[in-house]
């Protein structure tokens, strides 16, 4: 297969919506595992924090671990929706190797990449009460909603600390992912892959003398009309990961329909099916991210769940990306055993 034809590595409510934003069902597991399988060749920090967001996130976590109170001897840290385990690795680098770090993620592909990852539903943790001194999460806990915050509150020790980076509703990352979702959805609505498949199938029949040229011409016209619709979507979209992927996918499709004789039909069928699954999984992840993003009121409620067990210090701040007018994320810190102080 032509090396230019590639699957992308990129890239995502109230009680019921916030609790069900990322259901632990087969489709969710497949969609996130497809993402993490695609990132398997990358370094963990690239897989979870690539692009311009990476340095900002790294600096945030380095400050969290540098400024946190002395870690208890033989202390335990839980990384919720751990992905490739980059936050846990940063903690180990800063705090030292004496801590026991456990990661939990819905995706088995992600858990394999984390050093101590377990596959599980973070809204139903397999741990007893008060067994973790630190709990962290980067763009993860919000997908499972308020039940996951309740579980975090349950397994955190009375003097424990909770730190999370969560998506901001209508923030910078939200807007970029909304753009990604729009162009992916418009590509799917155009039916470009289905119409390409029909053109290829009719072309192979034409090569065998089993289809009329007029039928092939109709398939060609339908494919080209879908391609024009995708071109309009590309023109309308701001730069984003999905635009780059679909901007490469379209010429790949034209390449294979013009050179179908160079490929076996089953080879192209497998490739087309892979692209369909990629688009569907991409749309699922973007929808999940948009639904899971939290307003300041929702973040306050979530932090309140963690601080309700006793006197606590609570800090909620906006994490920005340089001069971008919209915040990229909320940072949430809850330190139990201290006087409550709300920042927002």
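Nothing in this text is a laboratory measurement; each read-out follows from the coordinates by a stated rule. Worth saying up front: this structure is predicted, and the values here are computed from it rather than measured. Backbone-built Cβ (ideal geometry, glycine too); neighbour counts: all protein chains shown.
Laid out as a table, the results:
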{"item": "Rounded FRET efficiency, nearest 0.05, which uses the C-beta distance separating residue 93 from residue 315 and R0 of 35 Å", "result": "0.90"}
{"item": "Gained length - residue 238 relative to residue 194, 0.36 nm times residue gap less alpha-carbon distance", "result": "13.3 nm"}
{"item": "Label-point gap, in nm, between residue 276 and residue 261 - each point 7 angstrom along Cα→Cβ", "result": "2.8 nm"}
{"item": "Footprinting exposure proxy for 298, 73, 142, 115 (fewest neighbouring C-beta atoms within 10 Å first)", "result": "73, 115, 298, 142"}
{"item": "Spatial separation of Cα centroids for segment 236-261 and segment 93-163, in angstrom", "result": "39 Å"}
{"item": "Extension gain (nm, one decimal) between residue 150 and residue 225, 0.36 nm per residue minus Cα-Cα", "result": "22.0 nm"}
{"item": "Full-stretch length increase - residue 207, residue 323 - with 0.36 nm per residue and alpha-carbon distance subtracted", "result": "36.0 nm"}
{"item": "Exposure proxy order (Cβ contacts within 10 Å, fewest to most) of 224, 266, 297", "result": "266, 297, 224"}
